[in-house]
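The values are calculated or read from the model by the stated rules, or taken from the named source; none is laboratory data. Computed from a predicted model, the values in this text were never measured in an experiment. In this analysis, Cβ positions are derived from the backbone assuming ideal geometry, glycine residues included, and neighbour counts consider all displayed protein chains. Side chains included, ligands, DNA and RNA excluded: accessible areas come from the protein's heavy atoms. Shrake-Rupley method; radii C 1.70, N 1.55, O 1.52, S 1.80 Å.
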Amino acid sequence: MNKQELLEKLAPHNQEHLLAFWDELSPEEQQLLAREVECIDFDLVSELIARRAEKHQADDGRPGERAEPPQELVRQSQFLDEAFVESAAAAGNELLKAGKVAAILVAGGQGSRLGFDAPKGMFPIGPVSERPLFQILCEQVLARSRQAGCAIPYLIMTSAATHEPTVEFFQQKKFFGLPEDEVFFFQQASLPAVDDSSHRILHAEKGRINLSPDGHGGILRAMKNSGLLAKMNERGIEHFYYHQVDNPTAIVLDPVFLGLHAQQNSDMSTKVVAKVAPEEKMGVVATLDGKTQIIEYSDLSPEEAHRKDADGNHVFWAGNTAIHAFRTDFLMRLTEGNCGLPFHTAHKPVGYLSVEGELVEADPKSPNAHKFEQFIFDALPEATVALVVEADRAREFNPVKNAEGADSPETCRAALKRIAAEWVTSAGCTVAEDTALEISPLFAASAEECQRRLTPGTAFQTPRILQ
Ligand code: UTP
């Protein structure tokens, strides 16, 4: 599009200022900006701005007063029943061996809390090897596909912010041993940040719009538009295991979870963990109006977060780990229309370029812009059966979210070391105090596998990587 055509696209939405610096740009910069403008769905952005204004008046909410704990639930205590676990694992392994499962990794986020200058998946997390998050996750997929005796497709969602460096990294690292043609990158869309008072879309630079990925819920549109959902369906994939890039202790393609999900004919299953405290900042899975849904912590008042049921148990105990399983036909149903998950608005401090061309830095204390995102968990209420499975938090939920403190590289590395020491000890070996051990998923992906591979009595005295 040329300048005139772009202006015609922008004018009905009062966003012509996006071309304010057009004449100062080089032809290449003009082309880049034109491409960004062409990619934005301005009807959608205008609708989101208008809805935002409505929401301020009609915020009745208060789901915390009415919601109940999740109903279709498997608790940790049920995992003590060996026959129950074996039957679920057998069902999951059968699906994996039959080539009916693919894994999805969402890796399009900007990781702003961690403050790492590259896609989060490249963050060095291995306590001894410093292997990156991507490697630990890919090695889990590879180990699982070796066990299953067939390739498992790995679908990796990136965004404009993460795509190029992620693909380059995978190429450089030879796909961490995965067959290259079984790794499928696909990009989610971006949405602009909008000034909260003028409703103008913000510039990042003279020739760049301030864009962010459209949330992990953008995966529905991205899977549909990339053709990957149809392709996986044609290939006979019946279920997807979904996980996030920031949790290397997720049991990727967990056969027990997949088995329970399939046995109960669940459209969308979710792993939850018990919250450490009612006020922990974590979305909770609950039942509201007969539907399983996730309620964000910010939507619960402190009193609601502490609410107890008739038996004296906390109603909102079930923290969302963002580990899901989906039936393919459920995703196909969700993507038939316009992939209509609701949009959430975040009020955030966003740096921008003023109309005078001055760079205005974000003030962390004063949010100035709205950003719009879709969340994949909003698909839960659409499921006819939505199974909720409680996981062992110490084993399976150790995310890297923040630069320090809770959910940081430090806590995640400590968890990786602790899990490795537990597995090795369960195999009758010893680990000297303060000695870091790291276990590659290609060596063992569970305590049982570790027991099969180690000779009892082995003493680990110095930092080691078992691989
Ligand atoms: P988070 O909600 O933790 O966001 O993402 P983030 O972008 O990684 O980090 P902050 O909030 O900026 O600090 C959870 C998972 O969802 C993915 C992330 O890559 C991560 O695996 N995600 C998030 C996407 O793939 N796309 C998005 O638009 C947002």
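What are the residues in the range 189-211 that are assigned to a loop (DSSP other than H, G, I, E, B) and crowded, with 16+ Cβ neighbours inside 10 Å, if any? Steps first, answer last, please.
Step one: list which residues in the range 189-211 are assigned to a loop (DSSP other than H, G, I, E, B), which gives 189, 193, 196-200, 202, 206-207, 210.
If the condition is that a residue be assigned to a loop (DSSP other than H, G, I, E, B) and crowded, with 16+ Cβ neighbours inside 10 Å, then A189, A193, D196, H199, R200, L202, G207, N210 are the ones that fit.
Within the range 153-165, restricting attention to residues that are open to solvent by 10 Å² or more (accessible area, probe 1.4 Å) and more than 9 Å from the ligand (Cβ to nearest atom), which residue is nearest to F240 (Cα to Cα)? Steps first, answer last, please.
First pass over the range 153-165, keeping only residues open to solvent by 10 Å² or more (accessible area, probe 1.4 Å): 160-161, 163-165.
From what's left, more than 9 Å from the ligand (Cβ to nearest atom): 160, 163-165.
Details: A160: 24, H163: 22, E164: 25, P165: 25 Å.
Of everything passing the filter in the range 153-165, H163 is nearest to F240 (Cα to Cα).
Of all residues in the range 125-138 being more than 14 Å from the ligand (Cβ to nearest atom) and in a helix (DSSP H, G or I), which is least open to solvent (accessible area, probe 1.4 Å)? Please lay out each step first, then the result.
Just the residues of the range 125-138 that are more than 14 Å from the ligand (Cβ to nearest atom), to begin with: 126-131, 135, 138.
Pick out the ones that are also in a helix (DSSP H, G or I) and you get 135, 138.
On the way: Q135: 43, C138: 1 Å².
So, considering only residues that are more than 14 Å from the ligand (Cβ to nearest atom) and in a helix (DSSP H, G or I), the one least open to solvent (accessible area, probe 1.4 Å) is C138.
F21 versus (1) closer than 20 Å to V355 by Cα; (2) in contact with an Asp or Glu (Cβ under 7 Å, 6 or more places away or on another chain); (3) not polar (S, T, N, Q): which is the lone unmet condition?
(2)
For the range 87-124, which positions are of a type in the set (A, V, I, L, M), surrounded by 15 or more Cβ atoms within 10 Å (Cβ to Cβ) and within 20 Å of A161 (Cβ to Cβ)? Full working, then the answer.
Applying the first criterion (of a type in the set (A, V, I, L, M)) to the range 87-124 yields 88-91, 95-96, 98, 101-107, 114, 118, 122.
Filter once more, keeping what is surrounded by 15 or more Cβ atoms within 10 Å (Cβ to Cβ): 88-89, 91, 95-96, 101-107, 114, 122.
Correct list: I104, L105, V106, A107, L114, M122.
Quickly run through the range 403-435 and pick out the residues that are of a type in the set (A, V, I, L, M) and either away from the ligand (no atom under 16 Å from the Cβ) or surrounded by 19 or more Cβ atoms within 10 Å (Cβ to Cβ) (or both). Working first, answer last.
Taking the range 403-435 as the starting set, the residues that turn out to be of a type in the set (A, V, I, L, M) are 403, 406, 414-416, 419-421, 424, 427, 431-432.
Correct list: A414, A415, L416, I419, A420, A421, V424, A427, V431, A432.
Can you confirm whether H261 is open to solvent by less than 10 Å² (accessible area, probe 1.4 Å), within 16 Å of the ligand (Cβ to nearest atom) and touching a residue at least 12 places away in the same chain (Cβ under 8 Å)? Before you say what the answer is, go through the steps one by one.
Numbers: open to solvent by less than 10 Å² (accessible area, probe 1.4 Å): yes; within 16 Å of the ligand (Cβ to nearest atom): no; touching a residue at least 12 places away in the same chain (Cβ under 8 Å): yes.
So H261 fails the test.
Quick one: what pairs do we get from the range 105-117, first residue near the ligand (Cβ under 6 Å from one of its atoms), second open to solvent by 90 Å² or more (accessible area, probe 1.4 Å) and in a loop (DSSP other than H, G, I, E, B), C-beta under 9 Å, 6+ apart or different chains?
none
Give the range 279-291 a look and list any residue that's in a loop (DSSP other than H, G, I, E, B), open to solvent by 30 Å² or more (accessible area, probe 1.4 Å) and at negative phi, or say none. Working first, answer last.
Narrowing the range 279-291 to residues in a loop (DSSP other than H, G, I, E, B): 279-283, 289-290.
Keeping just the survivors that are open to solvent by 30 Å² or more (accessible area, probe 1.4 Å) gives 279-281, 289-290.
Answer for the range 279-291, where residues must be in a loop (DSSP other than H, G, I, E, B), open to solvent by 30 Å² or more (accessible area, probe 1.4 Å) and at negative phi: E279, E280, K281.
Taking the range 324-359 as the search range and keeping residues that are within 15 Å of V194 (Cβ to Cβ) and among the aliphatic types (A, V, I, L, M), which one is most open to solvent (accessible area, probe 1.4 Å)?
The extreme case among them is V355.
Identify the single condition in (1) more than 30 Å from L178 (Cα to Cα); (2) more than 25 Å from the chain's Cα centre (by Cα) that P63 does not satisfy, given that it satisfies every other one.
(2)
Restricting attention to the range 194-215, does a residue exist that is within 15 Å of the chain's Cα centre (by Cα), of a type outside the set (G, A, S) and within 16 Å of the ligand (Cβ to nearest atom)?
yes
Considering only residues that are part of a strand (DSSP E or B) and without any contact (Cβ under 8 Å) to a residue 60 or more places away in the chain, which ones fall in the range 144-188?
Here is the first cut: in the range 144-188, the residues part of a strand (DSSP E or B) are 154-158, 183-187.
Scanning the range 144-188 gives Y154, I156, T158, V183, F184, F185, F186.
Filtering the range 304-341 down to residues that are free of Cβ contacts under 8 Å to residues at least 60 places away in the same chain and more than 25 Å from the chain's Cα centre (by Cα), which residue is nearest to Q76 (Cα to Cα)?
Result: H314.
Tell me yes or no: at least one residue of the range 229-248 is more than 14 Å from the chain's Cα centre (by Cα), more than 24 Å from P441 (Cβ to Cβ), open to solvent by less than 10 Å² (accessible area, probe 1.4 Å) and more than 12 Å from the ligand (Cβ to nearest atom).
Yes; the residues of the range 229-248 include at least one that is more than 14 Å from the chain's Cα centre (by Cα), more than 24 Å from P441 (Cβ to Cβ), open to solvent by less than 10 Å² (accessible area, probe 1.4 Å) and more than 12 Å from the ligand (Cβ to nearest atom).
List every residue pair whose Cβ atoms lie under 6 Å apart, where the two residues are 6 or more positions apart in sequence or sit on different chains, the first residue falls within the range 75-94 and is in a helix (DSSP H, G or I), and the second residue, located anywhere, is open to solvent by less than 60 Å² (accessible area, probe 1.4 Å) and of a type in the set (D, E).
Pairs found: Q76/E390.
Looking for whichever is within 30 Å of Y242 (Cα to Cα) and assigned to a helix (DSSP H, G or I) here; the options are V45, V37. Which one fits?
Working: V37 fails: within 30 Å of Y242 (Cα to Cα).
Step by step, each of V45, V37 is checked, and only V45 is within 30 Å of Y242 (Cα to Cα) and assigned to a helix (DSSP H, G or I).
Among the residues in the range 258-276, are any at pLDDT below 95, of a type in the set (D, E) and part of a loop (DSSP other than H, G, I, E, B)?
No; the residues of the range 258-276 include none that is at pLDDT below 95, of a type in the set (D, E) and part of a loop (DSSP other than H, G, I, E, B).
If I filter the range 168-187 for residues that are within 11 Å of the ligand (Cβ to nearest atom) and open to solvent by 60 Å² or more (accessible area, probe 1.4 Å), do I get at least one hit?
yes
Would you say R146 is within 14 Å of the ligand (Cβ to nearest atom) and open to solvent by 50 Å² or more (accessible area, probe 1.4 Å)?
Details: within 14 Å of the ligand (Cβ to nearest atom): no; open to solvent by 50 Å² or more (accessible area, probe 1.4 Å): yes.
Here the answer is no, as R146 does not meet what is asked.
So which residues in the range 95-104 are away from the ligand (no atom under 11 Å from the Cβ) and either on the phi < 0 side of the Ramachandran plot or not in a loop (DSSP other than H, G, I, E, B) (or both), if there are any at all?
Taking the range 95-104 as the starting set, the residues that turn out to be away from the ligand (no atom under 11 Å from the Cβ) are 95-103.
Listed by number, the residues that qualify are L95, L96, K97, A98, K100, V101, A102, A103.
Filter the range 264-278 down to the residues that are under 27 Å from F134 (Cα atoms), open to solvent by less than 30 Å² (accessible area, probe 1.4 Å) and not basic (K, R) and list them by number.
Correct list: M268, S269, T270, V272, V273.
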